């Protein structure tokens, strides 16, 4: 088996990155957690989040960083960090947020997610004097335990839009 490479995302990654995000979201939240998203809401969210054009736009957003895990030319996982956008009264845009950490089923258990997480946290700490933030679905206890192991604590809650559907999310903070 070829070694997994972690590298900064490139503009030409937009299409495969979006496809990976779409597939991982479905595998995790629709298949895995069985969230009953209405079809129209799910489609609207997936298109707005993971189609090539919005993905390319996100890749070029100022003040953000993206990393991908790649093996044999295929993307297995990615992380995205940037200015905080979580709706918490103490949160500021100059603070940093881990916006997404997606690991495909094929990469589960390979340590790729942990490597992407530590890389993201190091980058975030280097780019802010404030706390670090993460939004996580309230039902994803595994992710919550992982983030707690890295010093994150629950600081609030909010509703994350998936089309007109609202996921109940926890806001986590470190520092």
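The values are calculated or read from the model by the stated rules, or taken from the named source; none is laboratory data. Computed from a predicted structure; not experimentally measured. In this analysis, Cβ positions are derived from the backbone assuming ideal geometry, glycine residues included, and neighbour counts consider all displayed protein chains.
All but one of (1) part of a loop (DSSP other than H, G, I, E, B); (2) free of Cβ contacts under 8 Å to residues at least 40 places away in the same chain hold for residue 2, so report the exception by its number.
That leaves (2) as the condition not met.
Take the residues of the range 57-86 that are over 24 Å from residue 174 (Cβ atoms) and without any contact (Cβ under 8 Å) to a residue 60 or more places away in the chain: which is nearest to the chain's Cα centre (by Cα)?
So the residue we want is 59.
Okay, residues lined up against (1) touching a helix residue (DSSP H, G or I) at 6+ places or on another chain (Cβ under 6 Å); (2) within 24 Å of residue 10 (Cα to Cα); (3) at pLDDT 95 or above:
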position	(1), (2), (3)
79	yes, yes, yes
96	yes, yes, yes
99	no, yes, yes
170	no, no, yes
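Among 94, 157, 125, 90, which is more than 16 Å from the chain's Cα centre (by Cα) and in contact (Cβ under 8 Å) with a residue 60 or more places away in the chain?
From the options 94, 157, 125, 90, the qualifying one is 90.
Give the residues of the range 85-99 that are surrounded by fewer than 18 Cβ atoms within 10 Å (Cβ to Cβ) and assigned to a strand (DSSP E or B), sorted by residue number.
none
Taking the residues in the range 161-171 that are surrounded by fewer than 17 Cβ atoms within 10 Å (Cβ to Cβ) and either in a loop (DSSP other than H, G, I, E, B) or in contact (Cβ under 8 Å) with a residue 24 or more places away in the chain (or both) as candidates, determine which candidate is farthest from the chain's Cα centre (by Cα).
Here the residue is 164.
Looking only at residues that are surrounded by fewer than 20 Cβ atoms within 10 Å (Cβ to Cβ) and in contact with a strand residue (DSSP E or B) (Cβ under 6 Å, 6 or more places away or on another chain) in the range 132-142, which one is farthest from residue 75 (Cα to Cα)?
Per the stated criteria, the residue is 138.
Would you check if residue 139 is at positive phi and assigned to a loop (DSSP other than H, G, I, E, B)?
Answer is no for this residue.
Within the range 107-131, track down each residue that is crowded, with 16+ Cβ neighbours inside 10 Å and either in contact with a helix residue (DSSP H, G or I) (Cβ under 6 Å, 6 or more places away or on another chain) or part of a helix (DSSP H, G or I) (or both).
Result: 107, 112, 113, 115, 116, 117, 119, 120, 121, 123, 124.
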